[in-house]
Amino acid sequence: MSNEWLILFFLVGALFVGVVVVFAGFVAPKSTNLQKFEPYECGIPTEGVTWLQFNVGYYLFAILFLIFAIETVLVFPWAVVMKEVGLTAFIEIVIFFVILGLGLLYAWKKHALVWE
Amino acid sequence: MNSIIQYFKEITQGVGSLLRGMQVTNRYFFSPGKIVTQKYPDNRKDLVMFERFKGEVVMPHNEKNEHKCTGCGICEINCPNGTIEVISKTIITEDGKKKRIIDKHIYRLGMCTFCALCVKTCPSNALAFSQEFEHAVFNRALLIKTLNKPGSQLMKGVE
Amino acid sequence: MEEIIKEVVIGEQEEYVINMGPQHPSTHGVLRLVVSLKGEIVKNVEPHIGYIHRGIEKMCESITYTQIIHLTDRMDYLSAMMNNEAVCLAVEKALEVEIPDRIKIIRTIMSELSRIQSHQLFWASFGMDLGGQTCFFYGLRDREKVLDIFEETTGGRMIVSYNCPGGLMYDIHPNFRKRVKEFIKYFRGVLWEYDAILTGNVIFRERSIGIGTLSLEDAISYGITGPSGRASGFSCDIRKHEPYSAYDRVQFNEVLYNEGDTYHRYLARIEEMRESMSIIDQLIDNIPEGPYFVKMKPVIKLPEGEYFQRVETARGELDVFIISDGNKNPYRVKFRSPNFVNLGVLNHITKDFKIADLIAIAGSLDFVIPDIDR
Amino acid sequence: MDKTQLGDFVKSLKPDATVIEGKQYTEVTVADTDLHSLAKKLRESEETWLDFLVCLTGVDYGDNFGVIYHLKSTKHGHMIVLKTRTSEREKPVLNSVCDIWKGAEFHEREVFDLLGVKFNNHPDLRRLFLDSSWGFPLRKDYVDDINIVSK
Amino acid sequence: MLLNTITNTLVTLSDPWWKVFYDFSSLTKGIDEGLRSSLSPFWAVTVEMVIIGILFLLFYAVIGLFLVYAERKVCAFIQNRLGPNRIGPYGIFQTVADLIKLLFKELIPIKNADSFLFNLAPYIVIIVNFMVLAAIPFAKGLHAIDFNIGIFYVIAVSSMSVIGVLLAGWSSNSKYSLIGAMRSGAQIVSYELSIGLAIITVVILAGSLQLSEIVEAQRTGWFIFKGHVPAFIAFVIYIISGTAETNRGPFDMAEAESELTAGYHTEYSGIKFAFFYLAEYINMFIVASIASTLFLGGWMPFHVGNWEAFNRVMDIIPPFFWYIGKTFFVIYLIMLFKWTFPRLRIDQLLTLEWKYLLPINLVNVLIMAFLVLMGWHF
C-alpha cells in the first residue's frame, strides 16, 4: 500500500477513541458530588496554584539533546549509504563523531551533565 | 587512564549486579512449584487453622447442652474494653436454696481485641477460642453474640 | 557562558507545596507530609501526625497492668513482642519478681523472631518504595513463616499478647523448636536473594548511597535509636548496654556503621537479621524445662514510685515509664516510642534531596505510624 | 560516674537542687527557672556529658504539672533523671530545651499537645496530634463523655 | 461478497491454501484484485479501508488485552503468586472483565483542568500507536505500509506518544500529574538519542531504512549474530532505551506510583485511563517488535549459513510465528526488568543516557562502520 494510507490509521485511532469515549459518556454514571472534581492530593485540598513556573532541572540536557538530534539528520542518510561509499564515508563520520564527542566531553567536564 | 578503567569497571559491575537480580526472578518465573498463594474460598474445606488460633470467644457446650459458666463475672472484670457482659439471674434450686446462675453471657465481637484475658482468667475454664475467622456480617448487631445456648444448664460438678 | 546558563536554570520562584499522605502509597499508613518543593528538590518537610492517635497513654491510666499488654501490641504492631516485654519487665522490676530462665529465654527468642519479621517487612516495603515491587512479595513470603510460628504458639499473628506480667500467656507449642530451626535454615538459604535483588543492585546502590546522611552528633542530639541510629555510628543497642531477659548470656555484635546514609540504614537491618538468627541459634536448644509463668496476685498493685524500663525494639529504643501511686491502675504511663522520635529527624535529613530520595529516606527510617501516634 | 558521684556533681553545680538517689537512677529536682541552665551545664560539662535526651515525660500532679527528663551520656554511659514542676496550673510555662537537644522539639510539642504546658523559645510550638478543638486529654480533670467510655 | 472474493482468491492460488501462512502477499493481492474487478475503484478502496481498519482495531484490542493479562501472570509467577485465576480458565478473561468495568465507570471532569488538552491527550497516545503499527512487518506480505524510510518513520512517530503523556500531566491541574509530566519531558530528551543511534548501528549493516529490506537482509543470519559484539551492544542499548521510551519500570518515573501515586494519569478515570494503560502495553509491543525486526530477524526463520537441511526444518514454522515468538521473548525481557529492578531517580536517567549510553553508542557506531568497511561481518 502506498504512503497515503497513513491517513487511514490516523482516522482509525481517532475514531476508536472518539467512539469509545462517546459510548462511555452514555453508559457511565455521572455524579453530582463536587468533592469528586477536586484534583487528587492525598485527600487534602490543594494549596496554592498548580501551574507555577517549575524548575525542571534539565534545561542543559535539552539544549544538548537539540544538537544531537540535528546530528541524527546527517547520520541516518550516512548509515544508508555507508556500505556503498566505503572509506570516504567512514573517515567523514569519524571526524564528525570526534567533534561531537569532544563537545560532549566538554559539557561533561564542565559539569553540565549534572542535574541542577 | 585510571578513570577510564574505573568507568568500564563500573559498567561491568553494574550490568553484572542487574543480571544477578534477573537470575533470581527468572528462576522463580520458571518454577511454578514455589507459588505460595492459596486459593482461599476454594480451599475452605481443607483449610486448617492452628489449634491456638484466636478466632472468637465461644463457650463450649457438651452434648447435654451444658456449659461450665457459673456467672462469676471475672471475665467481665478482666476484659480491658467492655467486650463481655454477664447477666445473671437468681433461681431457686430443687433443695430450696437461692442460687445465682447465668442468664446471658453477652460477647461483643466487634469490640474484642483477642487479648485472651477472659479465657485465661476464667476459674472454671468455661470460655475458649474457636478457630472461626470469617467474621464478616452485614449488620453490626450480628456481632453482639450470646455465648450460652438457649436452655443450657451449668455442668454438674462445676461450682 | 556558564554564568548565563546558571541564571537561566535557576530562576526565583514560589514554593511548590504538595501533600504526601494521608492517602499515599509510600507513607506506610496515615502519615501526612507537607512537602515544599523547588522543582524536584525538597526544601522543607513538615510531618502532620495524629490521624490514628488513640490516646493509649490516657487509656492506660484507667486499666490494670495486665490489661495494658493488649494496648502495647497495637503501638508498634511489628514489634508487638518487644512492646509487651517492656511493660512486663517494668512491672516485674517494680514488684521485684524473680523470673525463671525458661521465660527469659523464650521471651528473647520471641523478640528476636519478631525483630526478624519486622526487618523482613522493612525490606519488603523499602524495596517497594524504591519501585521494586517483587521485593514486597518475597519479603512477605518469608515473613509469613515467622508469623506461622507466632500463630502456632500464641494464637495471634501480629497482635500476639504473648507476654504478661510474671511470664507468658501460654507455654511454647511442642512444635516450636522444630519450626524455628526450620525457619532459620530456610531463611539463611534465601537471604542471598535479598542481596541479589536489592543490596547489590546497581540501581539500588545509586539510589541509596550518600542519600539522607545523618551525622553521629545529630543522631545523638535527635535521639535517633535503633538500626537508623546505629547506621550513623550511635552505639545505642539496649541489648548490649543494659541487657534484659537473656541478652546477657548470648554472643552477638552490635551492628555499627559510620556512614549514616540510607544505604547503611538498610544494611544495618539486613545485618541485624543475621545477628538475630545467631542469637536464636544460641538459645533454641537451651530452653530449660520449668513453668512458663510466675504466680502473681490476681490484681497487681505496683508500690508507689517511678519505674523506667528500656527495651530495644526493631525500630529503636522503647522506654516504658510508669508512675505508680500504689493503686491497681498506673498514675501515668509514658511510652517513649522510637518511631515518634525518629520522625523528628526527617526534615533535617531530607533537605535538598529529590522527591524520590524523600521516599527512600522515609522508607529507610522505617516508620510504623501507630507507634508514632500511639 | 556512679549514682552518688553524679548526685554530688549536680549538687556542686546547683546547690539548691534536690538530689535523691533513686533505685535506678539519680533523680534531681530543680525549680522551673533553673531547669534550662542546669540542663545546659549537664549537657556541656565534660564530667557528665549528658548528650542523649532519652525521654521527656509530662505529668499532671494535680496542683501543677511536672516534666521529667531522662538523660543519658553516650560517652560515660550514666543516666540521670531531671525533674521540674511548673509554678502554677492555670498557665503552665517552662523553658524549652530544644537548643540543647534537638530531639526535644517533638517531645515538647507532644507535652504541649496533651498537657498544655507551654515551652518558651520553642521554634514551632503547635499542636501535634490533635486539633485545637480538643482540650488537653492527659490532664486528670479532662472530661470527654463521648470518646472515653469508663467502666 | 467479501467472503466470495476471499474464497475465490484462495481457490485460484496455485499452491495449497495453507501456503498462505508462509506468504501473505498473494492473498492480499488476490483480495485487492477481486475487489477492484467487482466494484468501482472508489468503493473498492473504501471496502479495503474498512477491512484493514477493522483488522487493525481487532489486532490492537487483542494484543492490548493479552499483554495486560500476560503481564499480570508473568509478575505473579515471578512473585510466587497465582495471578488472575477467577474469570475463565486461568483467568484469561480477567482483562476483558476489567475493560468492561472501566467502560462503565464514571469519567470525572477535574475542576479547573485544561479540558481541551485533558481530553486530547488520550487521542494522541492512541493515534500514535496506530500510526506506528501501520509500519510494522508482521510476516511476509503482512505489512500495512512499507515505507522506504520505515524505521526512521517508526522512531519519529513513536516518540510523539510522550507528548500525549506530557499533555495529560500538564492539563490535569494536579501537582502530582504536573511533576509526572515534567519527568516525561526529561525522558524525551534522554532516550531518543540512544534509540536512534542503536538503530543506526543496524542500518549500517542493512544499508537500508526500509523495514522489509532490513528483514530480507537477515535471510542469511540475524543481525545480532551477523554484527558480532557491536550489534549485541546495540541490542542491549536498544532494549534499555526502548524500556525508557515505553515509560515502564525501572524507568517509570512519569508514573512512579510510590512517589507520585499515579503520575501523569492520576486524574484520569474510567475508559480514558484505560487508553493510557492500553497504549503503554501497545508501546511495549511496538518496541519489542522493532527489536525483533532489527536485531532478531523479524519474521525471518532462524537460518545458519550453509546448513541447508537445518534451514529447511526452520522454514516449516510459519514466519508469523517466528515474529510473534521473538517479539514475546523481548516482551518477557522487558517485563522481567520491570519486576526485578527498583526505579531509577530522574537525574540518574539522564546520567545513564548522557554518561553511559550515548558515549558507548557513538563508539559502537564507529566500530560497526569499521566492521562493515572491512567486511568483517558475516
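Assign unit charges at the C-beta atoms only (+1 for Lys and Arg, -1 for Asp and Glu), then state the dipole size of chain E relative to its Cα centre in Debye, rounded to the nearest 20.
The calculated dipole for chain E is roughly 680 debye.
Can you list the residues, at least 5 places off or on another chain, whose amide H is less than 5 Å from the amide H of residue C:167, using H built in the peptide plane?
For residue C:167, whose amide H was placed from the backbone, the distant partners under 5 Å are C:294.
What number do you get for the stretch A:1-42 when its Cα radius of gyration is normalised by 2.2 N^0.38 Å, N = residues?
1.92
Can you run phi through the Karplus equation (6.51, -1.76, 1.60; θ = phi - 60°) for the stretch B:17-26 and list ³J(HN,Hα) in whole Hz, with x for Gly and Pro?
Once θ is set to phi - 60°, the couplings for the stretch B:17-26 become 5, 5, 5, 4, x, 5, 4, 5, 5, 5 Hz.
If you plug each phi of the stretch D:16-29 into the Karplus form 6.51 cos²θ - 1.76 cosθ + 1.60 with θ = phi - 60°, what whole-Hz ³J(HN,Hα) values come out, in order, with x for Gly and Pro?
These are the phi-based 3J(HN,Hα) values: 8, 7, 8, 10, 10, 8, x, 4, 9, 9, 6, 10, 10, 10 Hz.
Output the antiparallel fraction of DSSP beta bridges having both residues in the protein assembly as shown, as a percent to the nearest 5.
85
Check which residues have an amide H placed less than 5 Å from residue C:332's amide H, if you skip close sequence neighbours.
C:323
Using +1 at the C-beta of Lys and Arg and -1 at the C-beta of Asp and Glu, which of B:59, B:122, B:71 has the Cα lying farthest in the positive direction of the dipole of the stretch B:56-153?
B:71
Can you give me the Cα centroid spacing of the stretch C:320-374 and the stretch E:110-172 in angstrom?
Cα centroid of the stretch C:320-374 versus Cα centroid of the stretch E:110-172: 48 Å apart.
Using alpha-carbon positions, what is the distance between the centroids of the stretch B:91-116 and the stretch E:324-338, in Å?
Each part reduced to its Cα centre gives a spacing of 66 Å.
What ranking of E:75, B:72 comes out by heavy-atom accessible area, probe 1.4 Å, highest first?
Sorted by accessible area, descending: B:72, E:75.
Which Cα, out of E:196, E:271, E:44, lies furthest along the positive dipole direction of chain E (beta carbon charges, K/R +1, D/E -1)?
Looking along the dipole axis, the top candidate is E:271.
Which ³J(HN,Hα) values in Hz, rounded to whole numbers, follow from the phi angles of the stretch C:151-156 under the Karplus curve 6.51 cos²θ - 1.76 cosθ + 1.60, where θ = phi - 60° and Gly and Pro get x?
Coupling constants for the stretch C:151-156: 5, 5, 8, 9, x, x Hz.
In the structure displayed, which of D:41/D:75; C:240/D:41; A:30/E:338; C:58/D:41; C:145/C:295; A:110/C:354 lie more than 26 Å apart, Cα to Cα?
In this structure, C:240/D:41; A:30/E:338; C:58/D:41; C:145/C:295 lie more than 26 Å apart at Cα.
State which entries of D:11/D:83; A:83/E:355; B:9/E:355 exceed 18 angstrom in Cα-Cα distance in the structure shown.
From the list (D:11/D:83; A:83/E:355; B:9/E:355), the Cα-Cα distance tops 18 Å for A:83/E:355.
Can you tell me the relative contact order of chain B? Whole percent, Cα pairs under 8 Å, sequence separation 6 or more.
Answer for chain B is 28 percent.
Treat every Asp and Glu Cβ in the stretch B:49-159 as -1 and every Lys and Arg Cβ as +1, leave all other atoms uncharged, and give the resulting dipole magnitude about the Cα centre to the nearest 20 debye.
Around 260 debye, computed over the stretch B:49-159.
Quick one: which residues, 5 or more positions from residue E:222 or on another chain, have an amide H under 5 Å from its amide H? H modelled 1.01 Å from N in the peptide plane, none for Pro or chain starts.
E:303
Among B:4, E:361, E:165, which residue has its Cα furthest toward the positive end of the charge dipole of the protein assembly as shown, with +1 on Lys/Arg Cβ and -1 on Asp/Glu Cβ?
Comparing the listed Cα positions along the dipole, E:165 ranks first.
Which shape class applies to chain E: rounded if a/c is under 1.5, otherwise prolate when a/b exceeds b/c and oblate if not, where a ≥ b ≥ c are the square roots of the Cα gyration tensor eigenvalues?
oblate
How would the protein assembly as shown be classified by its alpha-carbon gyration tensor: rounded, prolate or oblate, with rounded meaning a/c under 1.5 and the a/b versus b/c comparison settling the rest?
Prolate, since a/c reaches 1.5 and a/b exceeds b/c.
Check the cysteines of chain B one by one and keep only those with no other cysteine Cβ under 4.7 Å from their own.
Within chain B, the cysteines lacking a partner Cβ under 4.7 Å are B:69, B:72, B:79, B:112, B:115, B:122.
A drop of at least 20 square angstrom in accessible area, chain alone versus all protein chains together, probe 1.4 Å. Which residues of the stretch C:312-357 meet that?
Buried by the other chains: C:321, C:323, C:331, C:332, C:334, C:336, C:340, C:341, C:344, C:354, C:355, C:356.
Let me check against my output: what whole-number percent is the relative contact order of chain D, with C-alpha pairs under 8 Å and at least 6 apart?
18
Pick from C:185, C:297, C:351: which is most flexible by mean-square fluctuation in a GNM of chain C where alpha carbon atoms under 10 Å apart are linked?
Judging by the Gaussian network model, the answer is C:297.
Rounded to the nearest 10 Å², what accessible area does residue C:103 show when all protein chains are kept and the probe is 1.4 Å?
0
Order E:174, E:159 by their accessible area, 1.4 angstrom probe, all chains in place, largest first.
The ordering from most to least exposed comes out as E:159, E:174.
Show B:88, C:26 ordered by accessible area, largest first, where the area counts protein heavy atoms only and the probe is 1.4 Å.
Greatest to least solvent exposure: B:88, C:26.
Normalised by the number of residues in chain C, what is the relative contact order in percent for Cα pairs under 8 Å and 6+ residues apart?
Relative contact order of chain C: 26 percent.
What GluC sites (Glu not before Pro) in the stretch D:57-149 are in a loop by DSSP, with at most 16 other Cβ atoms within 10 Å of the Cβ?
When the GluC sites (Glu not before Pro) of the stretch D:57-149 are filtered for loop state and at most 16 Cβ neighbours within 10 Å, D:88, D:90 remain.
Beyond 19 Å, what share of the Cα-Cα pairs of the stretch C:237-374 is found? Please give it as a whole percent.
Percent of Cα pairs beyond 19 Å in the stretch C:237-374: 66.
The values are calculated or read from the model by the stated rules, or taken from the named source; none is laboratory data. All values reported here derive from a predicted model rather than from experimental measurement. Ideal geometry is used to build each Cβ from the backbone, glycine not excepted, and the neighbour counts take in all protein chains shown. Note: accessible area is taken over every heavy atom of the protein model, side chains too, but ligands, DNA and RNA are not part of it. Shrake-Rupley method; radii C 1.70, N 1.55, O 1.52, S 1.80 Å.
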